[in-house]
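What follows is a set of notes on a single structure, which appears directly below.
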Amino acid sequence: TEIRARPASECVGEFTVLRRVLVFCICRSPWRIAIGAPEVATMPSPFPGMDPFIEAGGFWPDFHAGFITYMREWLVEALPDDYDVRIDERINFIHVEDDRLQRFKPDLAVSVNEPRLQRASVSPGAATLEPIVLPETVEEEIREVYIQIIKRSEQRLVTIVELLSPTNKSEPTRGQFLAKRMSIIQQPIHLVELDLLRGGRRHQFGRALPPGDFYAYVSRVEQRWDCQVYAWSLRDALPTIPIPLAAPDPDVLLDLQSVFTLTFERGRYQRWLRYDQPLTPPLSPGDESWMAAVLKG
């Protein structure tokens, strides 16, 4: 058999395909490959797709950050060479009042034993003024990260990929989110939104959403007012969805299940999640029975 060396230029396409296959296998493998790091057994979610207890357990900020990071890794390997993926950040401010102040703690609390002040004597004829108690108002800073896909040769933002947060789906920040969403839709930028939360308000369209627990919305520049909606249930694996690029480049496919699996296992959420706590919003009786069987194994 004759073995012939080929120029590197003939192998570029094969190397690209091989690299993507390796990334695909690593994301789906029951073991993770890390150079110089010991192998760690995975701790998969008991659910076939999205684990609703991440939302119920209060781990969403951490999960959001991890999911965006691993989604970026997937896209970097899938995109043509002329595209780059950046993680950007937006900052929202909300007013927090009353009992919600209990969520805030100072960075450092110092306790000092001070001598008690002697109460001043008040003459019998002096008038006293009773205070009016008002709730304190605190402005909380909320930071959200999202993905930008940029076409390098044109230095142009092509696509934004967002993972919705609870603050995007409830007041008082939902109005800010919808305003920023509209500002994106009015520009020549594709918008992909992932709603992996069961709680909160859904997007509103000209027709009712299809039945589902989770959604992906793909709003293309060429079809601006006809949003593509992908819906799936708690019993389903997360789908693979298209990510539109600049014309005439074809879409790339984003395997949401692989990204979720990597995020869940890297975050080791199964160590922390309490699968005996109730879900909000509650499941239907059928899904409740199904979930009980899944958790029982």
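Annotations
- From the options P188, P244, residue that is at pLDDT 95 or above, more than 29 Å from L283 (Cα to Cα) and surrounded by fewer than 16 Cβ atoms within 10 Å (Cβ to Cβ): P188
- Residue that is acidic (D, E), touching a residue at least 60 places away in the same chain (Cβ under 8 Å), out of contact with any strand residue (DSSP E or B) (no Cβ under 8 Å at 6 or more places or on another chain) and part of a helix (DSSP H, G or I), where the choices are E265, E288: E265
- One residue from L209, L254, L234, L238 being under 16 Å from the mean Cα position of the chain (by Cα) and in a loop (DSSP other than H, G, I, E, B): L238
- Members of region 167-213 found to be free of Cβ contacts under 8 Å to residues at least 24 places away in the same chain and under 18 Å from I243 (Cβ atoms), listed by number: R181, Q187
- Residue match in region 170-187 (condition: within 23 Å of F260 (Cα to Cα) and under 18 Å from the mean Cα position of the chain (by Cα)): no
- Unmet criterion (only one of (1) modelled with pLDDT of 95 or more; (2) touching a helix residue (DSSP H, G or I) at 6+ places or on another chain (Cβ under 7 Å)) for A208: (2)
The values are calculated or read from the model by the stated rules, or taken from the named source; none is laboratory data. These numbers were taken from a predicted model, which means no experiment stands behind them. Note: ideal-geometry Cβ built from the backbone for every residue, glycine included; neighbour counts use all protein chains shown.
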